[in-house]
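Chemist: A single structure is presented below for examination.
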Amino acid sequence: MRKILIALCFSCIIFQLNAQTIQSPEQFLGYKIGTNYTLHYKIVEYFKTLAAAKPDMVKVEQYGTTNEGRELILAYVASANNLKNLDEIRKNNLSLTKGKSLSTNNPAIVWLSYNVHGNEPSSSEAAMQTLYALVNPANTKTKEWLQNTVVIIDPCVNPDGRDRYVNWFNSVKGKEYNIDPQSREHREPWPGGRTNHYNFDLNRDWAWQTQIESQQRMKKYNEWLPQIHVDFHEQGYNNPYYFAPAAEPFHEVITQWQKDFQIQIGKNNAKYFDENAWLYFTKENFDLFYPSYGDTYPLYNGAIGMTYEQGGHSAGGLGVITSIGDTLTLVDRIMHHYTTGLATIETTSKNAEKLLEEFKKYFDDSRNAKNAEYKTYVVTDDDESKINAVKNILEKNNIEYGTITANKIKGYRYFTLKEEEVSLKKYNLAVSMYQPKSTLVKVLFEQKSKLTDSATYDITAWALPYNYGVEGIAVKEKLEIKPFPSQTFAIKKILPAYGYLFPYTSLNSVKLLAFLLKNDVKVRQATKPFVSNGKEYDRGTLIIIKTSNTHINLFSILNSAAQKFQVQPDVVLSGFVEKGADFGSKDVVNITAPKVAMLTGEQVSANDAGEVWNFFDETLNYPITLLNATDLARLNINKYNVLILPDGNYRTLNDKNIIDKLKEFVGMGGKIIAIQNAMDMMAKKDLGLKIKESKDENDKKDEYTDLKKYADRDREFLPNSTPGAIYKVDIDNTHPLAYGYPDFYYTLKQDDNTYEFLKSGWNVGVLKKNNYITGFAGYKAKNKLKDTLIFGVEEMGNGQIVYLADNPLFRLFWENGKLLFCNAVFLVGE
């Protein structure tokens with residue numbers, strides 16, 4: 001008896017020591033959660049502190065680093081037995097996607113992602129509370145859940161954006177926070193903390209993985225493939241809390257089980273909100289269609305993916321008075337996220353066995369291509385680098401691929417929208433639907449968007465063949481697929497000769513050009529096709545002559561560039577060609593290294609400016625100067641010869657002196673590249689471009705037109721809406737803006753702005769009649785979007801204005817637009 005008492009006393013002492021060692025967020029930080037914002041490094045320290053205090057329950061792993069050097073971490077929380085076998089659990093979970101039988105001891109996996117938008121900061125604070133609740137010995141409920149559930153917590157997906165917001169807020173708040181929404185602490189300045197270092201929205205990047213944070217995170221995500229994923233967000237502070245089930249439209253690939261379990265989770269969340277008399281809503285606003293969100297991407301990968309939205313975000317501060325007179329505090333916001341996080345884990349634990357059964361069934365169906373109309377997708381092109389670009393996006397998403405040996409196949413041809421026989425080009429890549437990732441494959445290759453509701457939250461079309469500018473064929477049969485070759489050919493070294501010819505057909509060609517110009521190589525370009533040594537070369541071909549480059553180690557630079565960018569040059573022994581212009585002709589022009597600047601800051605779309613900035617930094621590795629648009633009046637822009645105006649609302653363009661300054665800049669040889677709304681605003685000035693007055697012959701107004709139903713007020717915009725549809729643009733590929741393209745281009749249209757054809761300029765890309773391809777466009781927008789300029793060049797004095805009605809760098813995933821943008825920067829005007 002005495003031994004039993006001693007053992008019990010010893011156990012109590014150990015329990016008390018553990019309880020003392022495990023600090024609550026308040027004990028660790030020195031303030032109550034919600035009374036201050038916590039910088040990212042302190043959040044990381046807290047997670048590491050709890051992992052050190054409870055190594056049998058918590059493991060913290062650094063999975064990456066942000067652009068600004070901040071740690072990206074995951075915390076794995078599990079029972080002692082499960083944590084000990086964590087990697088085995090991961091492997092067993094993945095084996096379910098490949099057909100392995102379900103084991104009785106497989107735990108369900110819940111992945112909680114916080115703060116993907118940096119200025120929606122309550123969720124990272126809630127992440128600390130959630131971790132503490134899971135490991136706190138006094139909380140017996142969470143210990144029960146962890147017996148059959150592993151929880152993965154990413155406390156901050158976007159640390160750079162979060163710290164940008166938190167540092168700003170801490171710099172402007174007073175001793176006491178101010179609840180007046182007009183006060184400065186509720187008015188976050190440009191660019192805000194929503195985005196990452198490059199002003200990129202990471203919640204649009206799950207599938208495309210253009211950003212370093214996404215690339216590192218998705219590698220880990222695809223190593224686990226959880227059954228549940230929650231993406232924690234914030235919305236306007238006047239809105240109640242939102243949780244699943246989601247709103248229509250649902251993509252057709254989402255299973256009934258996934259829909260039903262969203263409802264089950266929502267009901268459990270609602271139970272706790274009802275107990276506390278908290279307001280919430282479901283089935284509104286947040287749909288499940290675009291594949292690159294934190295809810296849809298998990299859904300297309302077998303999970304129950306969900307978004308949770310708390311009112312607050314950047315305007316919430318530490319407290320704000322809402323439109324109905326309530327004071328919403330950060331403490332409230334944290335508590336709501338904390339509650340739904342734990343409620344979701346609870347629902348998962350109670351249904352772990354069923355979740356795992358349905359997860360396995362999902363992937364069994366995927367591997368058997370269940371309900372798949374098309375069994376094989378094939379892309380083909382004569383440029384290997386374009387096929388490799390498709391290969392790269394498939395590899396990022398763990399999609400299996402290979403190649404086929406046939407010369408011809410029959411199937412649905414994306415470029416003609418018809419079922420027909422297609423001759424394959426030099427290179428091809430094939431994707432079978434008989435694989436674990438077939439659902440995601442179907443979504444990414446989707447030919448026609450099938451929307452159950454047109455009021456969607458984002459773009460509605462993205463098919464990879466249009467996106468990457470490669471011939472695509474969807475085949476109804478299962479084709480025999482061979483392993484993809486590791487490298488089709490090796491780049492051959494060049495030897496000293498008269499000159500060298502590089503093809504100009506893809507983004508790799510532009511990267512090579514930028515590299516050469518940075519290294520002071522004098523580059524020329526053919527403006528007409530020619531024949532040399534019996535080989536035909538297209539316009540745009542880059543020509544490097546030895547005698548023009550005696551000041552540098554030309555052969556070393558060219559060999560390095562060819563290897564780095566995988567572009568094979570041809571050697572020429574003479575400047576004389578059999579057909580076309582000799583290399584000394586006026587039809588062979590010099591390409592000078594451009595000095596590039598871009599307007600940014602207030603008045604400019606942070607996302608669009610960020611795309612350009614990131615593209616120059618990370619893709620082209622070419623210098624660009626960022627200038628504040630509000631400083632334009634006093635800037636010396638003549639230090640540059642290319643000025644980029646991304647999408648934005650340029651109030652400064654209403655100043656006549658600014659317009660005169662821009663005219664002078666162009667007249668003296670400068671070049672302006674105006675994109676989307678920047679183009680629209682310049683069309684309202686006396687610069688040659690005119691907005692088209694569109695008259696819809698089919699839209700005849702009658703006396704009852706203005707009689708509208710109040711219940712339809714949220715849908716009145718739809719007839720004029722184009723949230724993101726694909727159109728075919730007719731291209732003049734004899735113009736430098738379109739070098740490297742066929743006579744067509746697929747653009748992603750996001751507005752219904754139309755422009756008259758340029759009378760004294762070059763109409764390089766135009767929409768004619770019946771050029772709609774796929775995605776939602778309202779009937780009025782469809783009728784309007786015809787016979788309009790999309791891409792044009794206006795010559796003015798010694799310079800040019802390049803007009804881009806659509807953004808060719810959209811979210812940096814519209815791969816086929818990148819060459820066109822680079823042509824605008826490097827080639828137009830040479």
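The values are calculated or read from the model by the stated rules, or taken from the named source; none is laboratory data. On a predicted model such as this, the values are computed, not experimentally measured, just so you know. No Cβ is skipped: glycine too gets one built from the backbone with ideal geometry, and neighbour counts run over all protein chains shown. Remember, those area values only see protein heavy atoms, side chains included, never the ligands or the DNA or RNA. Shrake-Rupley method; radii C 1.70, N 1.55, O 1.52, S 1.80 Å.
Chemist: Which of the residues belonging to the stretch 756-787 are open to solvent by 20 Å² or more (accessible area, probe 1.4 Å) and at positive phi?
Modeler: Answer for the stretch 756-787, where residues must be open to solvent by 20 Å² or more (accessible area, probe 1.4 Å) and at positive phi: Asn770, Asp787.
Chemist: Just name the residue that is nearest to Lys511 (Cα to Cα) out of those in the stretch 647-665 that are acidic (Asp, Glu) and in a helix (DSSP H, G or I).
Modeler: Among residues in the stretch 647-665 that are acidic (Asp, Glu) and in a helix (DSSP H, G or I), the one nearest to Lys511 (Cα to Cα) is Glu664.
Chemist: Here are the criteria: (1) out of contact with any Gly (no Cβ under 6 Å at 6 or more places or on another chain); (2) assigned to a loop (DSSP other than H, G, I, E, B); (3) surrounded by 23 or more Cβ atoms within 10 Å (Cβ to Cβ). Tell me which single one Asn238 does not satisfy.
Modeler: Asn238 satisfies every listed condition except (3).
Chemist: Of the numbered conditions (1) at pLDDT below 95; (2) hydroxyl-bearing (Ser, Thr, Tyr); (3) over 32 Å from the mean Cα position of the chain (by Cα), Tyr537 fails exactly one; give the number of that condition.
Modeler: It fails just one condition, (1).
Chemist: Considering each residue of the stretch 180-196, count those that are surrounded by fewer than 17 Cβ atoms within 10 Å (Cβ to Cβ), in contact with a strand residue (DSSP E or B) (Cβ under 9 Å, 6 or more places away or on another chain) and under 23 Å from Tyr114 (Cα atoms), and give that number.
Modeler: Total satisfying the criteria: 1.
Chemist: Could you check Asn649 against (1) modelled with pLDDT under 95; (2) surrounded by fewer than 17 Cβ atoms within 10 Å (Cβ to Cβ) and say which number it fails?
Modeler: In the conditions (1) modelled with pLDDT under 95; (2) surrounded by fewer than 17 Cβ atoms within 10 Å (Cβ to Cβ), Asn649 misses (1) alone.
Chemist: Name the residues in the stretch 202-211 that are open to solvent by 10 Å² or more (accessible area, probe 1.4 Å) and among the charged types (D, E, K, R), would you?
Modeler: Arg204
Chemist: Moving on to the next point. Which of the residues belonging to the stretch 546-584 are open to solvent by 30 Å² or more (accessible area, probe 1.4 Å), under 15 Å from Lys528 (Cβ atoms) and assigned to a loop (DSSP other than H, G, I, E, B)?
Modeler: Answer for the stretch 546-584, where residues must be open to solvent by 30 Å² or more (accessible area, probe 1.4 Å), under 15 Å from Lys528 (Cβ atoms) and assigned to a loop (DSSP other than H, G, I, E, B): Glu578, Gly580, Asp582, Gly584.
Chemist: Among the residues of the stretch 527-545, which ones are in contact (Cβ under 8 Å) with a residue 40 or more places away in the chain, farther than 13 Å from Thr505 by Cβ, of a type outside the set (Phe, Trp, Tyr) and in a strand (DSSP E or B)?
Modeler: Matches in the stretch 527-545: Val531, Ser532, Ile543, Ile544, Ile545.
Chemist: I would also like to ask the following. Could you say whether any residue in the stretch 514-529 is under 21 Å from Val589 (Cα atoms), modelled with pLDDT of 95 or more, surrounded by fewer than 16 Cβ atoms within 10 Å (Cβ to Cβ) and within 31 Å of the chain's Cα centre (by Cα)?
Modeler: Within the stretch 514-529 (the criterion being under 21 Å from Val589 (Cα atoms), modelled with pLDDT of 95 or more, surrounded by fewer than 16 Cβ atoms within 10 Å (Cβ to Cβ) and within 31 Å of the chain's Cα centre (by Cα)), the answer is yes, since at least one residue qualifies.
Chemist: Scan Asn92, Asn119 and give me the residue that is within 30 Å of Tyr237 (Cβ to Cβ) and open to solvent by 10 Å² or more (accessible area, probe 1.4 Å).
Modeler: After ruling out the rest, the residue left standing is Asn119.
Chemist: How many residues does the stretch 807-830 hold that are open to solvent by less than 10 Å² (accessible area, probe 1.4 Å) and either touching a Pro at 6+ places or on another chain (Cβ under 7 Å) or within 12 Å of Ile675 (Cα to Cα) (or both)?
Modeler: Matching residues across the stretch 807-830 total 12.
Chemist: Report yes if some residue within the stretch 131-144 is touching a residue at least 60 places away in the same chain (Cβ under 8 Å) and under 20 Å from Tyr293 (Cα atoms); otherwise report no.
Modeler: Scanning the stretch 131-144, I find no residue that is touching a residue at least 60 places away in the same chain (Cβ under 8 Å) and under 20 Å from Tyr293 (Cα atoms), so the answer is no.
Chemist: Let me ask another. Just to be sure, is Tyr401 over 29 Å from Leu279 (Cα atoms), crowded, with 18+ Cβ neighbours inside 10 Å and out of contact with any helix residue (DSSP H, G or I) (no Cβ under 6 Å at 6 or more places or on another chain)?
Modeler: In short, no.
Chemist: Within the stretch 675-691, how many residues turn out to be in a loop (DSSP other than H, G, I, E, B) and either touching a Leu at 6+ places or on another chain (Cβ under 8 Å) or on the phi > 0 side of the Ramachandran plot (or both)?
Modeler: Adding up the residues that qualify gives 5.
Chemist: Going by the conditions given, is Ala270 crowded, with 22+ Cβ neighbours inside 10 Å, more than 22 Å from the chain's Cα centre (by Cα) and among the small types (Gly, Ala, Ser)?
Modeler: In short, no.
Chemist: Given (1) open to solvent by less than 30 Å² (accessible area, probe 1.4 Å); (2) hydrophobic (A, V, I, L, M, F, W, C); (3) at pLDDT 90 or above, where does Met668 come up short, assuming only one miss?
Modeler: The one condition Met668 does not meet is (1).
Chemist: Does Ala781 satisfy the condition of being at pLDDT 95 or above and either within 27 Å of the chain's Cα centre (by Cα) or of a type in the set (Gly, Ala, Ser) (or both)?
Modeler: no
Chemist: Can you tell me which residues in the stretch 42-99 are more than 30 Å from Thr210 (Cβ to Cβ) and assigned to a loop (DSSP other than H, G, I, E, B)?
Modeler: Selection gives Lys54, Pro55, Asp56, Met57, Ala78, Ser79, Asn85, Gly99.
Chemist: Oh, and also: If Asp381 satisfies all but one of (1) open to solvent by 50 Å² or more (accessible area, probe 1.4 Å); (2) within 26 Å of the chain's Cα centre (by Cα), what's the number of the condition it fails?
Modeler: (1)
Chemist: Another one. Considering the stretch 161-207 alone, what residues qualify as being of a type in the set (A, V, I, L, M) and in a loop (DSSP other than H, G, I, E, B)?
Modeler: Result: Ile179, Ala207.
Chemist: Inside the stretch 594-646, can you point out the residues that are in a helix (DSSP H, G or I) and aromatic (Phe, Trp, Tyr)?
Modeler: Kept after step one, since they are in a helix (DSSP H, G or I), are these residues of the stretch 594-646: 606-620, 629-634, 637-639.
Within the stretch 594-646, Trp613, Phe615, Phe616 qualify.
Chemist: Report the residue count in the stretch 742-755 for those that are surrounded by 16 or more Cβ atoms within 10 Å (Cβ to Cβ) and of a type in the set (Asp, Glu).
Modeler: Final tally of qualifying residues: 2.
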